[in-house]
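Trainee: Can you read through this structure? Questions will come right after.
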Number of protein chains: 2
Amino acid sequence: MRRDVFQAIADPTRRAIIMLLAVGALTPNAIANHFDSSRQAVSKHLRVLTECEILRQEQQGREIHYHLNADKMKDLEKWLEQFKQLMAKRFEQLDTVLEQLKSKGK
Amino acid sequence: MRRDVFQAIADPTRRAIIMLLAVGALTPNAIANHFDSSRQAVSKHLRVLTECEILRQEQQGREIHYHLNADKMKDLEKWLEQFKQLMAKRFEQLDTVLEQLKSKGK
DNA sequence: TAATTACGAAACCAATCGGTTGCAAATGTA
DNA sequence: TACATTTGCAACCGATTGGTTTCGTAATTA
C-alpha cells in the first residue's frame, strides 16, 4: 500500500484534520465532532495519517491524543521547491533566448 | 468527480509528468517514453492533469503538445503556506507560555 | 491513394477508497 | 462489580482508480 504525504493530503477531510491538529493535539472524538462523517470514518483517516507518520499517537488513559508531526510535511515542501526550481531554470533559459534575439536585432 | 491539484499529485507518475513538463512542453508519446506504463495509461494521466487545468493542450498537426500551467500549482503552495502559518502561530503561543514560566520562576 | 503515425475514447478489470455497521477491549465511574 | 465511555478493528458496500486491450479518426508520408 502506497502511503505518503501526497496520497494523504489528497482527501479534503484529511487536509482539514491536518489543519485542526496544527493548532493542537486532539482525541478522535474531538476531531470527529468537527466533521459530518462518523467517528469511525474519521478514525480511518487518522490511521492513514498515522501510517505515513504525519500523526503520532499518545495514549493518556483511555484517550488517545493525536499529535501532528510537522516535519513530515517537509516532503511536500521539498517537492514543491524542486518544482519551482525547475520552473525558474526554464524562465532563465527563456530569458537567455530573448536576450539573444534582442542582440541579433541590433 | 473531484478534480484538484491535491488529487492530481497523489499519483507518482503524474508528479513525474509535472516535473517533465516543467522543463518544456512534450507530446503524449514523448512523455510515455519516459515511463514503463503504456501510452494509453499516460494519456489517462494527461487527461486528469488537463481536467484540473494543470496542463494545457496545444494541437500542432497530428501532434498535441502538453504545456504546464504553473499557476495552478499555487493552490498547493497556498495550502502549504496556510499550514505553516498555523504552525508558526502555535509555536508563538508556546513561546509565550515558556516566557511566562520563566518570569514565574524568578 | 494506401499505409503509417499520433492520438483520444470506450470497454473492461482488479485493487483501492471512503464510508457504514457491528463488535471487542480497555479504561474510567457508580 | 456493573455500567458507561473511548477507541480500534473487521466485514461489508458502492464508487473510483490506474491499468489494459481494442477501436476510430485525423494528419502525415510513401
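The values are calculated or read from the model by the stated rules, or taken from the named source; none is laboratory data. Since the structure is predicted, the reported quantities are computational estimates derived from the model, not experimental observations. Using ideal geometry, Cβ is built from the backbone for each residue, glycine included, and neighbour counts are taken over all protein chains shown. Side chains are part of the model used for accessible areas, which takes the heavy atoms of the whole protein and leaves out ligands, DNA and RNA. Shrake-Rupley method; radii C 1.70, N 1.55, O 1.52, S 1.80 Å.
Trainee: Could you pull out the residue among A:ARG2, A:ARG15 that is free of Cβ contacts under 8 Å to residues at least 40 places away in the same chain, surrounded by 15 or more Cβ atoms within 10 Å (Cβ to Cβ) and within 13 Å of chain B (Cβ to nearest Cβ)? Don't jump to the end; show me each part of the working.
Mentor: On the way: A:ARG2 fails: surrounded by 15 or more Cβ atoms within 10 Å (Cβ to Cβ).
Criteria check complete, one pass: A:ARG15.
Trainee: Here is a follow-up. Find the residue count for the range A:18-28, including only residues that are more than 10 Å from chain B (Cβ to nearest Cβ) and of a type in the set (A, V, I, L, M).
Mentor: 2
Trainee: Would you say B:ASP75 is open to solvent by 70 Å² or more (accessible area, probe 1.4 Å) and either at pLDDT below 95 or among the acidic types (Asp, Glu) (or both)?
Mentor: Details: open to solvent by 70 Å² or more (accessible area, probe 1.4 Å): no; either at pLDDT below 95 or among the acidic types (Asp, Glu) (or both): yes.
For B:ASP75, the condition - open to solvent by 70 Å² or more (accessible area, probe 1.4 Å) and either at pLDDT below 95 or among the acidic types (Asp, Glu) (or both) - is not met.
Trainee: Right, here's the next one. As an exercise: evaluate B:LEU49 against (1) open to solvent by less than 30 Å² (accessible area, probe 1.4 Å); (2) more than 11 Å from the chain's Cα centre (by Cα); (3) away from every other protein chain (no Cβ under 13 Å) and give the number of the one condition it does not meet.
Mentor: (2)
Trainee: Moving to a separate point now. Quick one: what pairs do we get from the range B:76-95, first residue more than 8 Å from every other protein chain (Cβ to nearest Cβ) and under 20 Å from B:CYS52 (Cβ atoms), second surrounded by 15 or more Cβ atoms within 10 Å (Cβ to Cβ) and modelled with pLDDT under 95, C-beta under 8 Å, 6+ apart or different chains?
Mentor: From the range B:76-95, no pairs qualify.
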